[in-house]
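The values are calculated or read from the model by the stated rules, or taken from the named source; none is laboratory data. This one's a predicted model, so the numbers in the text were calculated from it and none came from an experiment. Please note: Cβ atoms are built from the backbone with ideal geometry, for glycine as well, and neighbour counts cover all protein chains shown.
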Amino acid sequence: MSAMHDGFTVLVIEDEESYREALSVGLRLEGFRVVVAEDGGTGLSLLAEVQPDIVLLDMLLPDMHGIDVCRQIRAVSSVPVVVVSAVDSELDIVLGLELGAAGYVTKPFRLRELVARMHAILRRAAPVVPVVASPLVGPSGQDEVNGPDVIRVGATTVDLQRREVLSDGDPVRLSRKEFDLLATLLTPAGRMRSRTELLDLLWPDQYLLDSRTLDTHIHRLRSKVEPDPTEPRFIITIRGVGFRIDLDGGAQATQPSPMSA
Ligand code: CA
């Protein structure tokens with residue numbers, strides 16, 4: 001079924017030779033164009049040149065941590081990133097997803113499982129905006145661009161690094177999942193996230209989860225960040241599909257000061 005993936009370019013950032021070779025051969029057989037990088041710095045510098053459709057990113061790299069590579073990719077590109085992690089580093093997976101990774105696989109994984117995952121991600125991915133080579137992003141990591149860590153949603157300020165939410169300057173208490181949900185909708189802000197995608201990202205191990213769990217979390221989140229949760233203006237439902245965040249709450253259509261009412 002190689003035709004399915006024809007034309008897609010995958011950038012594999014992986015230091016272990018055995019994985020790199022297996023992925024290189026296996027993914028080519030699946031019809032992908034494969035470009036490999038042995039460390040984070042090389043991966044980042046290849047990004048602009050290769051313009052990949054998807055990135056496979058190992059977390060333990062010799063020169064820098066995968067999380068930092070992910071953050072630097074996010075600062076310049078919307079390309080879907082799949083985190084490749086050891087089974088026991090759950091924290092990396094969580095951090096990766098918070099930084100906008102589209103999914104993850106844990107080592108050891110089966111190629112078939114990975115390809116299915118990549119295919120699902122590529123199907124739902126928005127077109128990737130071309131990477132503009134930037135002097136701010138280099139292999140050294142010294143001039144690292146962190147991306148917008150603090151995002152304003154109406155009168156609500158979300159600090160993604162500190163996991164703090166303020167509304168008109170007052171702290172808003174969110175559960176861990178509520179925050180993760182908000183953070184996912186904000187990275188990048190405005191991107192529509194399908195229900196499946198959100199369930200996949202936020203409850204990755206619970207395949208049989210009732211999708212109403214998502215609605216419950218959306219409901220609670222709205223009650224905390226929306227001025228009128230019965231008429232949400234910031235956390236927008238795309239009926240039958242998913243959700244997205246509108247940073248200015250459709251301000252042009254209604255009153256100018258969204259959350260002060
Ligand atoms: Ca590694």
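What the table below lists for this structure:
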item	result
Leu47 being assigned to a strand (DSSP E or B) and either within 16 Å of the ligand (Cβ to nearest atom) or over 18 Å from Tyr19 (Cα atoms) (or both)	no
Those residues of the stretch 87-106 which are away from the ligand (no atom under 12 Å from the Cβ) and outside any helix (DSSP H, G or I), in sequence order	Val87, Asp88, Leu99, Gly100, Ala101, Ala102, Gly103, Tyr104, Val105, Thr106
Matching residues in the stretch 220-232 - criterion: being of a type outside the set (D, E, K, R) and more than 15 Å from Val172 (Cβ to Cβ)	Thr230, Pro232
Residue count, the stretch 63-81 (criterion: in contact (Cβ under 8 Å) with a residue 40 or more places away in the chain and either in a loop (DSSP other than H, G, I, E, B) or more than 13 Å from the ligand (Cβ to nearest atom) (or both))	12
Some residue of the stretch 54-62 being away from the ligand (no atom under 12 Å from the Cβ), closer than 29 Å to Asp149 by Cβ and of a type in the set (A, V, I, L, M, F, W, C)	yes
Flag if Val84 is within 16 Å of the ligand (Cβ to nearest atom) and either under 17 Å from the mean Cα position of the chain (by Cα) or crowded, with 16+ Cβ neighbours inside 10 Å (or both)	yes
Hey, Leu181 modelled with pLDDT of 90 or more and buried (at least 17 other Cβ atoms within 10 Å of the Cβ) or not	yes
Hits in the stretch 203-214 (condition: modelled with pLDDT of 75 or more and within 16 Å of Arg176 (Cα to Cα))	Trp203, Thr213, Leu214
Leading residue by the ranking (surrounded by the most Cβ atoms within 10 Å (Cβ to Cβ)) among those in the stretch 22-37 that are among the charged types (D, E, K, R) and closer than 15 Å to Pro52 by Cα	Arg33
